Every structure is written in structure tokens, then in C-alpha cells.
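Single-structure report; data block below.
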Amino acid sequence: MKNSRILLILKVSLIFIIIGSFTLLNERSSPSKPLLIFPKGSSYEKEWAKVDSLQKKGLTRSSLDIVNGILEKAREDNNSAQIVKALIHRVKLNSNIEEDSYVKAISELQSEADRSMFPLKQVLHSITADIYWRYYQNNRWKFYNRTETIDFTPEDIRTWDLKKLLFEVIRNYELSLEAPEDLKRTPVTSFDDVLVKETNTRKYRPMLYDFLAHRAIDFFMNEEPDITRPAYKFELDKENYFNDAPDFVKLKLTTKDSVSLKFRAITVLQELLAFHLEDANPEALIDVDLKRLKFVRNQSVVETKDSLYFKALTRLGRSYADHKVSAEVTYEIATLLNEWGSKYTPLTSDDYKWEKKKAVEICEKAIEKYPESFGATNCNYLLALIRQKALAFTTDQVAIPEKHFIALLKFKNIDKVYFRIVKLDYDKYRKTIRKKYGKKLIDYYKTLDAISEWSAGLDNDGDYQQHAVELKMPELAKGHYIIMVATDKDFTYNENAIAYSSCWI
């Protein structure tokens, strides 16, 4: 499970079909009058069914013929969504024929974007930018050490250097946000035909501007394209980047760094936040603001950025404490506390010792207050991670017969453990560990007669941290032994923490 806020956030990424350009699509009621959308015309379901059928049979060129027919029909109907879908399919199908066809298709897509009208123009520029960058990601080796090209072919991406390619990506993303006021009045539903939708997500990306702005921001926040080294590099070097949204959007941002992606990201975030400041439902606003604060924290060069981030999140949570969206802010605060808690170093100091416990406490409160919220879902996931039991056990490889010896036990979130020692011929042991592992290995060890069994209580002070303790092992006769330790006396695999160590006496 992972991050962008986390996998279990249910406002799942929605994608342009085929290409897989990921973004969130959500919905917000707008006080502005929606812009009129291009008519959808007749149904295209039969044509696309033919395309799908032909592709399954591997008939790429026949599929391409049908797609070209759909494109022509969509242009006659002035159906932007179907034009987009047909163009994306053309790029994909051409890539299956030969590389030259794929490069030509990208060039045609760029030309289509340049000559199209609103809002098709903006959407095509966004897709074109994404395809350009994906081309680089799939062909990095071709761009490494490539010098700036003088006699290149503008229509042939294969002749470009990285600087030229990056310029085109940026240019297309910026063009995708032209006519922002019109984009802010255009519901994203006008492109439903090329979007994979998820339940209860449109409140986060209600208008076409939201959709396209987030796509652009996601690229501008990407550190990989930051390949230039300007004399006046733009840096997030001021504390006021952590200001509350109403103050942040008023900041006057300037730079001499004409190619800074960070600058572009922060300015588009300003515009997006300003767009949602007056929303009756704050969920889209909070979604953007959390994105902004995390980006600023990641890129800031201010030494106190972590504390500034924590304070900003705390203020944000308090401002919307009476709305379920506050649970999402709580989750981010708890994530930060958990991160800090991982810095705890036992026997050195008590710094950060109780941060994980604080994270648990605020998550529990958020879940109790807003149990059905996205934030509660994420908090439950984080709680499971923090509360997870962990066990590690080591002994010396060799110990003296008929003498007590010491073993080291590392544990987390465990109050009591059970020990079991079995004697096993070394040759059998070698054969066993080669053929068995995991549950099968533990189950095999459980079939062997125990030489000794006992339990031991552990000092668990509820800080959710890992601790270590040395334990005295019993006297044993000469031989080879397996010492097992688990959180339950039956040593049930998968349901409890289990560890083992082998040693010679």
C-alpha cells in the first residue's frame, strides 16, 4: 500500500483511457453559470465495440481504420470527448504498428491540439504534454549525454535533445490552462466518455480547470525534470509559503528563473486555491491545500520547515473541525507524527518517543467523530501500521553445554511471548530450510517434540516503538537446536508475530 495521499484514500486516480494519464476527477457545485458544452451527438458505442473486438483479434490496422472513421464522425458532431478518445487510440494503435508511426501520431496530436478550439484544445495540450514526457521516460538512454541538437526536425521527437523536449512539455501544460475563467465554468463531465469515474470523487475535481490544473501541477512538482541549473534558481526559501490559504494566495511571487518548475507549481497552486476559497463545500479546497503544504514542505529550504508544516496543518484542521474533511487533515498530522516517532533512538534520549502514541490518539478521535469519511479510512490504515506487532530474535551461533546463554529479543507492541525449543539434526535442518519456508517451515518445526517450553512477560509501555531485551535461555545438552518465539502459545502462522533462531550447543 502506498502514497499520493495513500492507497486507501478512496478518491482514486482517474485516468484518460488507454494512455493511463493519471489524475483525480471530482465534482464541486459552482456558483458560476456553467459554460455551454459541445453537443454529444449520436452514440459511438457500436463503433467502439468493433474497435475492441478487432484489437482482441490482433487486427491493429483494421482497428485503426474504424478509429479514423470515429474521429471523422466526432468532428462532424463537434464531440470533444470522442475526438479525444479517437486521437488517444490512434497514438496507441500506431505504437503497435511501428515506431515511425508512433512518432508521426504524436506529431499529429500536437498539430491537432494547436489548431483546436476550446475546450478540446486545452485537453489535447494536456494529453500531448503527458505523452511527450512518457516518451522521454521510456527512452531515457537516448537522451543521456545527448548534446543540444542544432539541425533537428521539429516534427520528429527522436531528433530532440532533453532541453527541447522539456520545453515542449512545459509549453503544452501551460497551454492546457489558457482561458482559465472559461475552464472554471466548464464541468469536467463534458469529457466523461474518456474518463474512468469513481464513486463520490467529483467534489474534488468538479470543473475542467481542476482536472487540468492538477495534471499540470503533478508534472511541475516532479523533481526529475529539474535538469536546468540557472544562475538565479527559484527556491522556496520563505516561511510565508506555509501561510493559511487566504494569505498564501495573496503572495506576490516573482523569479528570474524562467524555467523553474517549482515556480510554475506554486503559482498554479495559488490559482487553484483562490478558485476554491469561497466554496460552500470545503473538500476540494482542503484537497488542494494539503497538496500545496506537502509540496512546500518537501521543497522548502527553510530549516524549520517541519515545524511550520505541522503548525499549518494544525491551523487547517482547527478551521474545519466541524466538517468531516478535517479527518483528512488529521490523517496528515498523524502521518507526520508517525514519521517523527521513527526518529526515536532508545538509550540515547526520549526525544520522539511518544509521537506515535500521539498519532494513534488523534486518529482514534477522528474515526470516532467522522467514521464514514475518507480521512477515517486513512486513519484506520495508519493505525494498523502503527499497531502492527513485530518480533525479531537472535542468539549466538554457538553456546556452551549445560550453561545458561543470552538471546536478544526485539519487539514492538507485544506484552508477552512464548518460547519453544526443539532439537534437530543439522543435516535435516539444512535440507528443511532449503525446501520449506514461511508457514510450511513453522508448521514443520511445530511437529517436533519440544525440549523446553515457557513464556515471558515484556515491558511494553505503550509507546508503539521497537524495544530490545536480553533474555536468559535454559541450559541445554550438546546438539543443534531451533529456538522459536511467538506472540501466541500455539505458534499460529500469519495471525501472530513469530521468529526463530538456530544455534549449536
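Values as computed for the structure displayed
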{"item": "Among the candidates TYR437, TYR445, residue that is modelled with pLDDT under 95 and within 34 Å of the chain's Cα centre (by Cα)", "result": "TYR437"}
{"item": "Single residue of THR432, THR447 found to be closer than 16 Å to SER501 by Cβ and without any contact (Cβ under 8 Å) to a residue 60 or more places away in the chain", "result": "THR432"}
{"item": "Top-ranked residue in region 344-383 [being of a type in the set (S, T, N, Q) and under 22 Å from the mean Cα position of the chain (by Cα); ranked as nearest to GLU332 (Cα to Cα)]", "result": "ASN378"}
{"item": "Matching residues in region 407-435 - criterion: being aliphatic (A, V, I, L, M), open to solvent by 40 Å² or more (accessible area, probe 1.4 Å) and not in a strand (DSSP E or B)", "result": "ILE433"}
{"item": "Search result, residues across region 462-488 that are under 26 Å from LYS428 (Cα atoms) and over 37 Å from the mean Cα position of the chain (by Cα)", "result": "MET473, PRO474, GLU475, LEU476, ALA477, LYS478, GLY479, HIS480, TYR481, ILE482, ILE483, MET484"}
{"item": "For GLU178: the one exception among (1) closer than 29 Å to GLU112 by Cα; (2) not in a loop (DSSP other than H, G, I, E, B)", "result": "(2)"}
{"item": "Residue ID - modelled with the lowest pLDDT, chosen from residues in region 45-57 that are closer than 19 Å to ASN78 by Cβ and under 34 Å from the mean Cα position of the chain (by Cα)", "result": "GLU45"}
{"item": "Odd one out for SER258, checked against (1) outside any loop (DSSP other than H, G, I, E, B); (2) at pLDDT below 85; (3) not aliphatic (A, V, I, L, M)", "result": "(1)"}
{"item": "Cβ pairs under 8 Å, 6+ apart, first in region 348-360 and at positive phi, second open to solvent by less than 70 Å² (accessible area, probe 1.4 Å) and outside any loop (DSSP other than H, G, I, E, B)", "result": "TYR352/TRP340; TYR352/GLY341"}
{"item": "Residue, nearest to VAL268 (Cα to Cα), within region 181-222, restricted to residues that are open to solvent by 10 Å² or more (accessible area, probe 1.4 Å), modelled with pLDDT under 90 and assigned to a loop (DSSP other than H, G, I, E, B)", "result": "ASN222"}
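The values are calculated or read from the model by the stated rules, or taken from the named source; none is laboratory data. Note that the structure is a prediction, hence the values are computed from the model and not measured. Because the Cβ atoms are built from the backbone with ideal geometry, glycine has one as well, and the counts that use them run over all protein chains shown. Just so you know, the surface numbers come from the protein's heavy atoms only, side chains and all, with ligands and any DNA or RNA stripped out. Shrake-Rupley method; radii C 1.70, N 1.55, O 1.52, S 1.80 Å.
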